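Some notes on the structure that comes next.
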Amino acid sequence: MGVRFWSAVAAVLVVAVGLIAGAVALIGLLRAELTDDVRQAVRGRAEQVAAVIESGRGVPSLTVGDQDEQFVQVLDARGDVIAASPNVKDLPALADPRQGSESTLSTPLDEDRFLVVAVTAGAPGGDRTVLAGQTLIGVDESTRIVTRLLVTGLPLLMLVVAGATWMAVGRALAPVAAIRSEVEAISAAELHRRVPLPPGRDEIARLAATMNRMLDRLERAQSAQRRFISDASHELRSPVASIRQHAEVALAHPDRLTSERLARTVLSEDLRIQRLVDDLLLLARADEEALRPRLRPVDLDDLVLDEVRRLRRAAPGLRIGTAGVSAVRRPADPRGLARVVRNLGDNAAGHARSEVAFDLVEQPDGRVVLGVEDDGPGVPPADRERVFERFVRLDEARSRRPGDGDGADGAGGSGLGLAIVAELVAAHGGTATVTDGRLGGARFEVTLPPDPAGREPGRRS
């Protein structure tokens, strides 16, 4: 039993309750209206007789049109019949006027009910009471006919409502069947397929559009995963091939490659593989939203100055400026932010012609801004978002150069350095952007949110 069945049942129940209540009200109103018509007619007849009696002209002729449906009686003060219509001439008083001016009863004239109205008329010999009655058979018959029509028509109407609801819901759910059939056929190998969009802008159309947007996201995620696996495999293949090549040369020509040189090459490539695997594991944790930094108070300026000292040893020909570095203490993950600073430093050193500059400042609103810039070629505006994606290398940085460190993106590394920066900064609640720098090259800027503890800017504990 599906939606169509229960929708039809619900529609029938709602309509049935409404129609039954309306039918009961209709029958009640019809009976009341017809009874009121009879009442007015009977009272008018009794008042006419009473008016004649009160005029002193005696009791008028009490004739009725239908002997079986009407009667008139005139009673004296003791309740004895002193005049009556021919059809009740020999009968005693058919109603007790003391019970009220109106009553409903059965009479010897007919088994049907009569409505009797009593009207008092003043007379010289004492008050008289006029009893006028009329059968309610017309009221009962009319009510009975309407009731039969309703009893016959309501079930037919319920069938019509059920059928119409069944067809309407079926037509409305037809696109759902098409959507379900298409979704059933979509697999991981066919994420390019989309569910059909029904015409209009109803809930089902919006559901189909939402499902298509979900499939778009899944397809993009699958494509990104495939690219990730392909790029990771390519990056791992390169050092493995290098180790194999040197090993084959050492075996084939022992005199051409010393064991020391072979060991140095193997160690270098092994470190390269280790760094790549560590980067991949970190990004995998970020994808699983498991990259939760372990916060503790950190002197961010010390992290920056440590990186500056490392770069000066690794690239003695570069001028590295630190004039813009100010003292900042902030709860953070020291290993994560040290990785951020190192990747940005490697990226700047790989692109710089002769100069790199670091700056670190805490804004009046509590935000911390770390900037690393160089005098290199910069990053084109069209690539400033893409550069933080995984395995992205710009055209001028595709060739790997010696001494690239742990894969800084700007120096032809693995293409993961800036992606790791973006993930680590996001884990701290911050953002990473790239703009034009004052030195003429690119400026990479990391912004961290205000300290939740509300410490005054620049103040150390």
Note to self: Checking understanding here: applying a Kyte-Doolittle mean of at least -0.5 and a length along the axis of at least 30 Å (C-alpha), which whole DSSP H helices in the chain pass?
What the structure shows: 3-54, 137-185, 203-252, 259-287
Next item on the list: Please give the calculated 222 nm ellipticity per residue for the chain, where each DSSP H segment of at least 4 residues contributes -39500 (n - 2.57) and the sum is spread over every residue; nearest 500 deg cm²/dmol?
Entry: -17500 deg cm²/dmol
Checklist line | Net length gained if the chain between V14 and D306 were fully extended (0.36 nm per residue, minus Cα distance) | finding: 97.4 nm
Margin query: Under the 0.36 nm per residue contour assumption, what length would be gained going from the current alpha-carbon distance of Q40 and T104 to full extension?
Written below: 21.6 nm
Checklist line | By accessible area with a 1.4 Å probe, ligands and nucleic acids excluded, highest first: order of T258, T165 | finding: T258, T165
Check: Heavy-atom accessible area per residue, segment 171-245, 1.4 Å probe: how many Å²?
Finding: 70 Å²
Checklist line | Rule-of-thumb Rg ratio for the chain [Cα; 2.2 N^0.38 Å; N residues] | finding: 2.24
Notebook entry, point to check: Using a 1.4 angstrom probe and counting only protein chains, how large is the accessible area of H234 in Å², to 10?
Noted result: 110 Å²
Margin query: Using a 1.4 Å probe on the protein heavy atoms, what percent of the accessible area of the chain belongs to carbon and sulfur?
Written below: 55 percent
Notebook entry, point to check: How do I229, I204 rank by accessible surface area computed with a 1.4 Å probe, from largest to smallest?
Noted result: I229, I204
Next item on the list: Would you check the accessible area of D346, probe 1.4 Å, heavy atoms only, in square angstrom rounded to 10?
Entry: 20 Å²
Checklist line | Gain upon complete extension [R294, E54; 0.36 nm per residue less C-alpha separation] | finding: 75.3 nm
Note to self: Can you give the FRET efficiency to the nearest 0.05 for M214 and L236, using r as the Cβ-Cβ distance and R₀ = 35 Å?
What the structure shows: 0.60
Margin query: For R335, R390, give me the order by solvent-accessible area with a 1.4 Å probe, most accessible first, ignoring ligands, DNA and RNA.
Written below: R335, R390
Margin query: Antiparallel versus total DSSP beta bridges in the chain: what percent is that, nearest 5?
Written below: 90 percent
Next item on the list: Return, ordered by residue number, the residues of segment 191-207 whose backbone nitrogen is under 19 Å from a label point located 7 Å along Cα→Cβ of R180.
Entry: 194-199, 203-207
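The values are calculated or read from the model by the stated rules, or taken from the named source; none is laboratory data. In this text the structure is predicted, and so the values were computed from the model without any measurement. Reconstructed Cβ throughout: ideal geometry from the backbone, glycine too, with neighbour counts over all protein chains shown. In case anyone asks, the SASA skips ligands and DNA or RNA and just uses the protein heavy atoms, side chains included. Shrake-Rupley method; radii C 1.70, N 1.55, O 1.52, S 1.80 Å.
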